[in-house]
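Report on one structure; see the data block that follows.
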Amino acid sequence: MKLNLRQNYKAYLLFGYAFLLLVHFLIKDRIFPLSILFYASPMPILILVGLVLLVICFRRKKIRISLIIVCGILIALWFKNDYQTTKPVSNKESSKVLFWNLAKRDQLPIDVLKESVANYQPDILAFVEAPKEILTNFEALKLELPDYNFEVLGGAMLIAAKGNITLLDFVYEDDIQTSAVLKITLRHKSVKMMISDATSNLLVDKKVPLGHILNLANQNQVDYIVGDFNIPYESAFFDLYKENFESFHSCNDGFTATWPMGIPLLELDHVWLSKKHKPIVLKKEYSNASDHALIIAEYL
């Protein structure tokens with residue numbers, strides 16, 4: 001038996017790889033706990049595993065050719081779906097929102113924020129994973145950004161806007177999700193926005209937090225949702241979002257991935273815009289202040 005396993009290990013590896021492809025493209029995260037495999041095998045990982053198998057099985061001509069074809073298709077699909085080129089058209093009527101998962105750093109990254117605000121002039125700044133422990137320099141940040149009103153929210157969230165901020169609804173579900181619905185009164189208009197932070201715990205069926213976030217957004221008829229959803233754009237659970245909202249996925253400038261540290265692995269942070277608005281472009285900035293990308297969404 002041990003001899004047979006040793007002789008057929010390549011066949012088992014190929015079978016396992018075929019199953020990963022099946023999960024990624026067809027099953028996705030519809031079935032828990034198979035969804036864990038889906039989240040753990042984004043396209044770059046599938047490509048890397050395929051290339052490793054190509055080396056292992058290189059002497060088998062039919063398998064070698066098959067793996068070359070599969071890897072070539074995966075690479076083409078990866079660039080087609082996850083690399084976007086968007087040239088925004090300047091519009092004075094557009095609005096911008098900056099969102100960033102601060103990843104529970106030691107303190108607020110004032111220098112990075114000051115530079116990003118100067119470059120993009122966003123109307124609203126929204127942050128998650130900003131617990132009280134990192135707000136030691138909060139007053140210094142307010143002095144550096146005097147044009148913004150700041151509000152510290154529950155669930156380690158922080159909001160700033162060039163206008164008045166009104167908290168309309170707040171939901172905290174331990175190890176599930178945290179969401180805040182706000183009305184922001186800007187100089188030229190008012191918007192309803194929602195900030196969400198879904199759990200990263202792979203042992204939680206993501207259908208639950210994603211459903212709760214969408215229900216809250218629909219109930220409050222928000223203009224857009226920004227947040228760390230901790231699942232990729234390809235998730236089956238985003239299909240329902242597309243009925244009333246539009247993702248900035250296709251409006252990215254570069255790779256759509258937002259984690260980790262500029263490596264194009266996973267698109268975890270998202271902006272979903274109500275269909276009464278029009279997305280223009282999604283920009284990203286990376287720094288050592290967080291392993292998540294700082295994103296700036298511009299829309300009409």
Exercise for the section: With respect to Phe99, determine if the residue is open to solvent by less than 30 Å² (accessible area, probe 1.4 Å) and touching a Phe, Trp or Tyr at 6+ places or on another chain (Cβ under 7 Å). Expected result: no
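Check Glu139, Glu151, Glu129, Glu133 and return the single one that is charged (D, E, K, R) and in contact with a Ser or Thr (Cβ under 9 Å, 6 or more places away or on another chain).
The match here is Glu129.
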Practice task
Mind listing whichever residues of segment 111-128 are under 14 Å from Ala289 (Cβ atoms) and surrounded by fewer than 17 Cβ atoms within 10 Å (Cβ to Cβ)?
Solution key: Asp111, Lys114, Glu115
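Filtering segment 129-185 down to residues that are farther than 21 Å from Val208 by Cα and among the small types (Gly, Ala, Ser), which residue is surrounded by the fewest Cβ atoms within 10 Å (Cβ to Cβ)?
Per the stated criteria, the residue is Ala140.
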Problem - Number of positions in segment 198-243 that are of a type in the set (D, E, K, R), under 28 Å from Leu21 (Cα atoms) and in contact with a Leu (Cβ under 8 Å, 6 or more places away or on another chain) - result: 1
Completion exercise
All-but-one check, Trp78 against (1) within 17 Å of the chain's Cα centre (by Cα); (2) touching a residue at least 60 places away in the same chain (Cβ under 8 Å), failing number (2)
Completion exercise
Asp239 vs (1) over 15 Å from the mean Cα position of the chain (by Cα); (2) in contact (Cβ under 8 Å) with a residue 40 or more places away in the chain; (3) surrounded by fewer than 24 Cβ atoms within 10 Å (Cβ to Cβ): all pass except (2)
Fill in the blank from the handout: Residue hits (segment 206-236; open to solvent by less than 30 Å² (accessible area, probe 1.4 Å), in a helix (DSSP H, G or I) and over 19 Å from Phe99 (Cβ atoms)) are Gly211, Ala236
Exercise for the section: Please indicate, with yes or no, whether at least one residue in segment 36-43 is crowded, with 18+ Cβ neighbours inside 10 Å and touching a Pro at 6+ places or on another chain (Cβ under 7 Å). Expected result: yes
Practice task
Look through segment 186-205, keep the residues that are under 22 Å from Lys276 (Cα atoms) and surrounded by fewer than 15 Cβ atoms within 10 Å (Cβ to Cβ), and return whichever of them is modelled with the highest pLDDT.
Solution key: Ser190
Handout entry: Residue identified as of a type in the set (S, T, N, Q), open to solvent by 10 Å² or more (accessible area, probe 1.4 Å) and in contact (Cβ under 8 Å) with a residue 12 or more places away in the chain among Asn244, Asn252
Key = Asn244
Practice task
Inspect segment 60-67 for any residue being among the hydrophobic types (A, V, I, L, M, F, W, C), out of contact with any Asp or Glu (no Cβ under 7 Å at 6 or more places or on another chain), closer than 27 Å to Ala257 by Cβ and open to solvent by less than 80 Å² (accessible area, probe 1.4 Å) and give the result as yes or no.
Solution key: yes
Practice task
Among residues belonging to segment 8-30 that are in contact with a Phe, Trp or Tyr (Cβ under 9 Å, 6 or more places away or on another chain) and outside any helix (DSSP H, G or I), point out the one that is farthest from Ile263 (Cα to Cα).
Solution key: Arg30
Fill in the blank from the handout: Conditions (1) in a strand (DSSP E or B); (2) out of contact with any Ser or Thr (no Cβ under 8 Å at 6 or more places or on another chain) -> Trp272 fails only (2)
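The values are calculated or read from the model by the stated rules, or taken from the named source; none is laboratory data. Small disclaimer: the values here were computed from a predicted structure and weren't measured. Using ideal geometry, Cβ is built from the backbone for each residue, glycine included, and neighbour counts are taken over all protein chains shown. Ligands, DNA and RNA are excluded from the accessible area calculation, which covers all protein heavy atoms including side chains. Shrake-Rupley method; radii C 1.70, N 1.55, O 1.52, S 1.80 Å.
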